[in-house]
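These notes concern the structure reproduced below.
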Amino acid sequence: MEKGKGVMGGRRWAVDFTDHSTTPSSRDIPDPPGFSRASLDQDDSTLSRQKKDAEANWKAQKAWEVAQTPFKNLLMMGFMMWMAGSTVHLFSIGITFSALWQPISALQGVGKVFEPYKDSKVDLLGPKLLFIALNLGGLALGVWKLNTLGLLPTHASDWVSTLPPAQVQFSLLNK
């Protein structure tokens, strides 16, 4: 027995939707005052536009949140550098180079970070500039730590080995 076929070979269930009545159908009745079927289509487009606006607002808000994340990293890294101290040892050098590497890698991937929030209605210039500025602040923090550790050549004595030896002339007084 085939699926959907009854015992007698015909369809078991069948519904006839054709209208055989003599009463007027709903299509023949005029719409009430103030109602038009075109307004239903406009409401759908209005809802669609509102959804798109809400999505654009959400993307803009999330883009600003992503742009502010380096600030949290900046505070954490500053605390870790303070805890490492100002003496040169393995931990302080590791923390310092981590503080330099994280902003550099974040700056290289700015486009990928903000890719999910790209939309014609969302302006990403402000969040990107904030993201870049905070990462440059993190980079400056790392360079400052290198300086406090004495690993940056900032004094004349750091360059002595590159200077030519001084020529001293001795004159013998023969009198």
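The values are calculated or read from the model by the stated rules, or taken from the named source; none is laboratory data. Keep in mind that what you see is a predicted model, and the values were worked out from it rather than measured. Backbone-built Cβ (ideal geometry, glycine too); neighbour counts: all protein chains shown. Side chains included, ligands, DNA and RNA excluded: accessible areas come from the protein's heavy atoms. Shrake-Rupley method; radii C 1.70, N 1.55, O 1.52, S 1.80 Å.
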For Trp101 and Arg12, calculate 0.36 nm times their separation in residues minus their Cα-Cα distance, and state this gained length in nm to one decimal. 24.7 nm
Of all the accessible heavy-atom surface of segment 116-157, with the other protein chains kept in place and a 1.4 Å probe, what percent is carbon and sulfur? 66
At a probe size of 1.4 Å, how large is the accessible area of Asp53, to the nearest 10 Å²? 70
Based on the Cβ-Cβ distance from Ser36 to Ser120, what FRET efficiency comes out when R0 is 35 Å, to the nearest 0.05? 0.65
Does anything in segment 133-160 have its amide N under 17 Å from the 7 Å Cα→Cβ label point of Ile93, and if so which residues? 143, 145-153
Scalar couplings 3J(HN,Hα) for segment 150-156 by Karplus 6.51 cos²θ - 1.76 cosθ + 1.60 (θ = phi - 60°), nearest whole Hz, x for Gly and Pro, are x, 8, 9, x, 10, 10, 4
Arrange the peptides 151-159, 78-86 so that the one whose residues have, on average, the most other Cβ atoms within 10 Å appears first. 78-86, 151-159
Residue-span extension gain [Ala140 to Ser157] - 0.36 nm each, minus C-alpha spacing: 3.7 nm
Whole number in Å², please: accessible area per residue of segment 46-151, 1.4 Å probe, ligands, DNA and RNA not counted. 63
Need the full-extension length gain, Leu129 to Trp82, defined as separation in residues times 0.36 nm minus the C-alpha distance. One decimal, nm. 14.2 nm
Please give the charge dipole size of segment 46-90, origin at the Cα centre, charges +1 on K and R Cβ atoms and -1 on D and E Cβ atoms. Round to the nearest 20 debye. 240
Which of Val122, Ser98, Leu146, positive extreme of dipole for segment 90-159 (C-beta unit charges): Val122
Taking a ≥ b ≥ c as the square roots of the eigenvalues of the Cα gyration tensor of segment 35-175, is the shape rounded (a/c under 1.5), prolate (a/b larger than b/c) or oblate? prolate
